[in-house]
Amino acid sequence: MPGDEHALRLHFKPLRMASKLTASLLNDPYVRPRVKSIVAFGSATTPAEFVEGLSDIDVLMLVDRKSKRLVRHAQKLASSINPSISPTVFSCRGFVRMLKTGSPSALLMLEGVVLYDTGDFSRARRAGFKPTERTIKTSIDHAFRALSIAFNDYFSGFDLPEAINCAYHCARHALRAVVVKKTGILPGSNEQLMRNLKYSTLREALGELIRARSNAAKLMGRYSERRASSSDTTLRDDIGVLLLCAERVASESCEICLRRKVRDLRKLLIAADRKFKGCKILAVSWERWRWEVMVEHEGRIKHLARVGK
């Protein structure tokens with residue numbers, strides 16, 4: 001509701017930052033003639049889901065014609081206001097094409113808070129775009145890709161809070177696919193997701209990941225980079241167990257939605273340890289709907305170990 005959105009914009013810091021960016025964009029003589037709509041979306045519009053230091057302030061810009069120069073310009077303005085602001089730029093036509101194919105990202109943007117609009121975003125909202133089969137498949141793929149980032153941050157010790165954050169997003173992507181499959185609804189907020197999700201074990205797993213994301217710092221006490229990257233001791237601390245929880249959510253969701261089983265990563269790492277005893281995990285990736293692992297053994301980097309179903 002307009003009144004509620006106005007009050008939220010005044011008191012919620014992410015929306016204040018997004019509004020500040022909007023003013024900056026509209027005062028810029030290069031941007032102003034090109035921008036058609038500016039919309040805040042995601043956790044930047046949901047106080048219960050925004051976690052300082054982990055959440056981005058996501059802002060959609062619809063423009064008449066997208067260009068690299070325009071994107072760089074918008075990113076520079078955003079960074080000068082707040083490094084957490086993440087502008088996403090689409091042409092109006094490109095945005096509508098994404099909506100027609102059922103892009104989950106584009107569909108979720110329709111639920112955002114409008115900061116400026118010449119009519120293009122409002123027309124897209126009124127058009128009544130719905131999730132498609134592609135929405136389901138893309139959401140599952142996004143879940144596993146988010147999980148691969150989580151695992152790599154964990155194995156390297158590079159950014160443990162982000163590992164937890166990506167595990168949380170993995171579960172959200174996967175469970176949105178489940179809700180679309182069962183109800184035809186694409187839920188935006190966690191509250192909507194919980195309300196429409198009929199699987200109690202999956203709801204419990206999401207709740208665990210939501211709580212962990214809000215208490216990321218407390219989970220790092222037992223972490224050891226050496227043990228995390230060692231194939232025979234990995235994923236046994238609190239963060240590792242949390243990542244395995246997210247993987248179970250993604251795998252179960254994949255089976256529910258696509259009837260496709262994915263062999264779990266833990267079994268692959270056990271197999272890698274048997275083949276290359278004492279190897280160090282360097283990286284994992286999600287490619288062609290299967291896990292691939294790169295390890296170091298006796299000073300040499302081994303080729304990717306691939307696993308199918």
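What follows is calculated from the coordinates using simple rules that are stated; it is not laboratory data. Because the structure is predicted, anything quoted here is derived from the model rather than measured. Because the Cβ atoms are built from the backbone with ideal geometry, glycine has one as well, and the counts that use them run over all protein chains shown.
Computed values, structure above
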read-out: Long-range amide H partners of D117 with built H, under 5 Å; value: I38
read-out: Of R69, R213, R145, the one that fluctuates the most in a GNM where the chain has Cα springs shorter than 10 Å; value: R69
read-out: Phi-based couplings in Hz for region 225-237 (Karplus 6.51, -1.76, 1.60; Gly and Pro marked x); value: 4, 4, 5, 5, 8, 8, 5, 8, 10, 5, 6, 9, 8
read-out: Packing-based ranking, highest mean first, of 175-181, 185-191 given that Cβ atoms within 10 Å are counted; value: 175-181, 185-191
read-out: Amide proton proximity set for V89, modelled H, under 5 Å, gap of 5+; value: M61
read-out: Count of lysine pairs in region 2-126 with Cα separation under 20 Å (8 or more residues apart, or interchain); value: 10
read-out: J(HN,Hα) series, region 98-110, from Karplus relation 6.51 cos²θ - 1.76 cosθ + 1.60, nearest Hz, glycine and proline x; value: 5, 5, 5, 7, x, 4, x, 4, 5, 4, 5, 4, 4
read-out: Qualifying chymotrypsin sites (Phe, Trp or Tyr not before Pro) for region 213-309 [loop in DSSP, other Cβ within 10 Å: at most 16]; value: Y223, W289
read-out: Label corresponding to volume of the Cα convex hull per residue in Å³ when calculated from the structure given, among [x] 158; [y] 142; [z] 173; value: [y]
read-out: Derived scalar couplings ³J(HN,Hα) [region 11-24; Karplus, 6.51 cos²θ - 1.76 cosθ + 1.60; whole Hz; x for Gly, Pro]; value: 10, 9, 3, x, 6, 5, 5, 5, 5, 5, 5, 4, 4, 5
read-out: Kirkwood hydrodynamic radius over Cα pairs of region 25-179, then Stokes diffusion coefficient at 4 °C and 1.567 mPa s, in µm²/s; value: 78
read-out: Amide H contacts under 5 Å for S55, placed H, 5+ residues apart; value: none
read-out: Whether region 189-266 is rounded, prolate or oblate, judged on the alpha carbon gyration tensor where a/c under 1.5 counts as rounded; value: oblate
read-out: Tilt relative to the chain, helix 160-183 - C-alpha long axis, 0 to 90 degrees, to 10; value: 70
read-out: Quotient of C-alpha Rg and 2.2 N^0.38 Å, computed over region 133-262; value: 1.03
